[in-house]
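Note sheet for the following structure.
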Amino acid sequence: MDYGKQQQPVANSIQVAGVDAAHANEYFELFVNATSMKHILGYYRGLVDSLHLRPNVFNQFYPKLRANLTSWRAKALLKKFDSRAAHKCYLKGKVAANTRVLVIGGGPCGMRTAIEAQLLGAKVVVVEKRDRFSRNNVLHLWPFVIEDLRMLGAKKFFGKFCAGAIDHISIRQLQCILLKVALLLGIEVHTELSFENLVEPDPDKKIGWRAAFKPSNHPVSQYEFDVVIGADGKRNTLQGFSRKEFRGKLAIAITANFINKKTEAEACVEEISGVAFIFNQKFFKDLQEATKIDLENIVYYKDDTHYFVMTAKKHSLIQKGVIKQDFSDTERLLAPENVDKEALQNYAIEAANFSTNYQMPNLDFAVNHYGQPDVAMFDFTSMYAAENASKVVERHGCRLLKILVGDSLLEPFWPTGSGCARGFLSALDAAWAIRSWSMGTASPLDTIAERESIYRLLAQTTPDNLNKDWKSYTLDPVTRYPNLNRAVVLPHQVVCLYDTDNPASIERMKRSYNEKPNEIPKKRRRGNVDNEVLLNWLKDQLKDKEEICITDMDSVFKDGKVLCAIIHHYRPDLLDYSAINSNDSAVNNQIAIDVLEKDLCVPPVMTGSELTITEDYLTLATYLTEIYDCFRGEIPFIKHAKMELPPGSTKMSEVSFKTIKTASMQQQEKTQPSAPSSRHKHKHSDIISQKPGSIDRKPRKRRTMEKVGASVMFDLFFNGFIEAGVVGILLFIMDIIINSEQYDLQNYIFNT
């Protein structure tokens with residue numbers, strides 16, 4: 001789609017100061033090891049602050065992050081990301097360069113969709129209503145999901161990921177992994193924020209699609225987008241999708257999570273990957289005789305918790321006192337007031353003990369996000385599936401693509417363990433639709449028709465009928481579905497899924513599906529903006545700046561502080577407003593003009609001093625409109641709390657940087673000739689800042705350490721021990737191992 005061919009700003013400096021880079025690497029190690037949402041986000045904010053970064057589109061964020069994370073662990077992980085981003089389907093992150101995506105829900109499927117959209121080059125924002133990872137339940141993983149997560153670096157974050165024959169992972173651990181991947185790719189994530197509804201475009205203010213959230217005054221409410229992903233589970237708060245129900249005979253499931261104390265006795269207990277009554281009738285009959293518990297099936301996975309899930313028969317639950325009174329209506333039968341919680345806990349413990357041969361006698365319940373024992377009983381007699389996977393809504397010339405993924409799209413049938421796998425398939429399929437939507441080579445009806453054709457296969461997928469070459473999976477659905485027919489649903493059959501206030505758009509698409517993209521109505525409004533709209537926008541954004549008074553167009557440029565303030569409001573990493581001199585309006589304007597031109601690609605119309613005295617209000621309005629278009633729809637900077645480095649880390653970072661710098665300088669003195677050749681004309685003071693990232697270096701440059709004498713190595717080794725302690729020694733040794741292919745470290749340590 002045509003968006004006016006906006007230029008993407010180019011990062012003005014990839015390398016940061018050495019100490020800042022050292023701090024960033026310290027934060028990275030803490031970030032990778034973090035196990036809670038609070039710590040992951042806190043250390044991530046410290047990491048990006050050290051690098052003077054903020055979440056952005058992939059090509060503006062990732063290169064600078066990659067250039068400054070130089071530890072062996074970071075290199076190994078980022079190599080995984082490099083390999084993924086190199087897939088042809090992403091076109092080097094330029095496919096969706098002008099697409100903006102909102103993902104509702106930070107669960108596994110929402111994050112997986114966000115990751116793919118980010119790699120396509122879209123601006124991606126994820127909103128999640130929770131503030132912690134509290135779901136202990138364990139997910140069964142199909143083989144392709146395991147391979148998919150491995151290629152995203154899951155094992156770098158969680159070393160025990162699917163080790164050996166393990167084919168499951170806790171939801172909490174999976175969320176940790178995907179959140180870390182999303183953040184390192186530049187995705188913007190906001191927690192404790194609930195989606196309420198979509199807000200239609202305002203033609204007067206030239207504002208596109210937005211959303212209302214709770215709390216209502218959150219800056220994300222200013223974000224404009226062209227694609228919205230519903231990934232908030234079966235409750236699905238994204239309006240406009242009908243659901244169909246599949247009913248079966250009464251089926252009551254019980255899930256229970258017990259604390260894994262990781263004792264030797266617990267380690268010896270074998271998992272139960274899935275036992276059904278028809279395949280092991282003796283087991284279930286013995287269970288019923290011994291405990292009066294009657295089950296249809298049971299599964300036990302050993303993960304962060306001991307996770308049990310079983311299907312219980314109603315008469316057994318009534319007999320054991322779990323259900324107080326029998327009702328024909330399922331909702332009344334399983335209502336909280338009709339369930340004895342203590343009896344339910346005892347029921348789960350008895351079933352768990354018998355199925356594991358009483359090898360774990362002291363089972364204690366893990367707690368859920370309510371602080372209660374993590375045991376639940378629910379009905380899966382009926383399952384829901386969305387009638388359609390996608391829709392397009394057009395209002396006032398602004399188009400919005402709506403897509404469902406995960407449980408919002410297709411509720412899983414837990415005994416088959418299909419929830420995560422089909423959720424990931426829907427995420428990849430949704431990203432393929434975003435790609436088609438962004439490229440503009442197909443009409444919206446073509447995009448919807450293809451998405452619906454692929455959706456017809458989702459409920460039928462099993463590990464056996466998917467492509468077995470899991471490593472070849474890409475966004476293209478052909479790599480996943482061997483018998484895919486993209487034309488099952490035709491464009492004229494999905495006209496009902498295109499909701500518009502302008503019927504002429506549908507007629508135009510019906511007449512010609514090969515219409516040029518620039519003849520299709522734009523998804524976002526563009527054009528002239530009234531001066532009143534511009535001034536009201538400035539007043540609203542800068543209402544917290546009491547020293548700024550905006551009355552008319554002239555007042556915006558007179559003191560030079562307004563432009564600096566609006567830049568700082570959105571991008572404080574580009575301009576320090578506190579350093580602005582209120583008495584020099586021409587200089588202030590020039591500072592703002594330079595930043596706008598260099599970092600945000602807003603061309604200047606005149607110099608700073610000319611802006612201060614000019615009476616050409618038409619030119620001023622045009623320039624202010626350019627600034628408005630640059631920031632409109634963006635999310636203002638939000639000051640979040642970040643986790644501080646542990647005591648001593650700052651000192652160790654400084655020592656680490658000094659050690660690296662000293663070694664580099666000594667290396668230069670010994671290896672460079674006194675009269676440098678033309679390719680060594682760089683000043684010595686620029687060696688550190690100009691040095692390329694380790695991933696970009698040629699292999700021959702990795703032999704630098706072999707030329708450093710043993711005495712120099714001993715001095716560095718000894719000083720590192722004195723100043724940085726044992727941790728510094730370990731880090732130093734690991735750097736030597738990574739950066740020296742030919743140096744025999746073991747012999748050196750032994751001889752020393």
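With a cut-off of at most 11 other beta carbons within 10 Å, and DSSP calling the residue loop, which trypsin sites (Lys or Arg not before Pro) in region 540-634 qualify? Please list them. Taking region 540-634 and a limit of 11 other Cβ atoms within 10 Å, the loop trypsin sites (Lys or Arg not before Pro) found are Lys543.
Among Val562, Val124, Val375, the ranking by other beta carbons within 10 Å of each residue's beta carbon, starting with the fewest, stands as Val375, Val562, Val124. Compared with the direct C-alpha span, the chain from Asp573 to Asp286 gains 96.6 nm at full extension, assuming 0.36 nm per residue.
Grab the beta carbon distance between Arg73 and Asn465, set R0 = 56 Å, and tell me the FRET efficiency rounded to 0.05.
Values: r = 38 Å, r/R0 = 0.68.
After rounding, the FRET efficiency stands at 0.90.
By how many nm would the segment from Asn531 to His87 lengthen if fully extended, with 0.36 nm per residue of separation less the alpha-carbon distance?
Working: separation 444, 0.36 × 444 = 159.84 nm, distance 4.53 nm.
Gain on stretching Asn531 to His87: 155.3 nm.
Net charge within 12 Å of Met310 by Cβ-Cβ distance, Lys/Arg positive one each and Asp/Glu negative one each, not counting Met310 itself? For residues surrounding Met310, the net value is -2.
The slack between Gln372 and Arg247, meaning 0.36 nm per residue of separation minus the straight C-alpha distance, is 41.9 nm. Amide hydrogen proximity for Ile207: with H placed 1.01 Å from N in the peptide plane, the residues at 5 or more positions away or on another chain lying under 5 Å are Asp202.
Calculate log10 I(q)/I(0) of region 249-380 for q = 0.18 Å⁻¹, where I(q) comes from the Debye formula with a single equal point scatterer on each Cα and nothing for solvent. So the normalised log intensities are -1.00. Here region 430-476 and region 169-223 have alpha carbon centers that stand 24 Å from each other. Please state the shape class of region 531-631: rounded when a/c is under 1.5, otherwise prolate if a/b exceeds b/c and oblate if not, all from the C-alpha gyration tensor. It comes out rounded by the Cα gyration axes. For region 374-453, the spread of Cα positions along the three principal axes, ordered from largest to smallest, is 49, 24, 23 Å. For Leu490 and Thr263, a Förster radius of 60 Å and the Cβ-Cβ distance give a FRET efficiency of 0.50, rounded to the nearest 0.05.
Quick check on the exposure proxy: order Met553, Met377 from fewest to most C-beta atoms within 10 angstrom. Could you put the intermediate results ahead of the total?
Working: Met553 15, Met377 20.
Lowest count first: Met553, Met377.
Ranked for footprinting exposure by Cβ neighbours inside 10 Å, fewest first, Ser582, Ser36 give Ser582, Ser36. Find out how many positive minus negative residues lie around His87, taking Lys and Arg as positive, Asp and Glu as negative, among other residues whose Cβ is under 12 Å from that of His87. Taking every Cβ under 12 Å from that of His87, the sum is +2.
Any read-out appearing in this document is the output of simple, stated calculations on the displayed coordinates, not a laboratory observation. Bear in mind the structure is a predicted one, so any value in this text is a computation, not a measurement. Every residue, glycine as well, gets a Cβ built from its backbone with ideal geometry; the counts of neighbours run over all protein chains shown.
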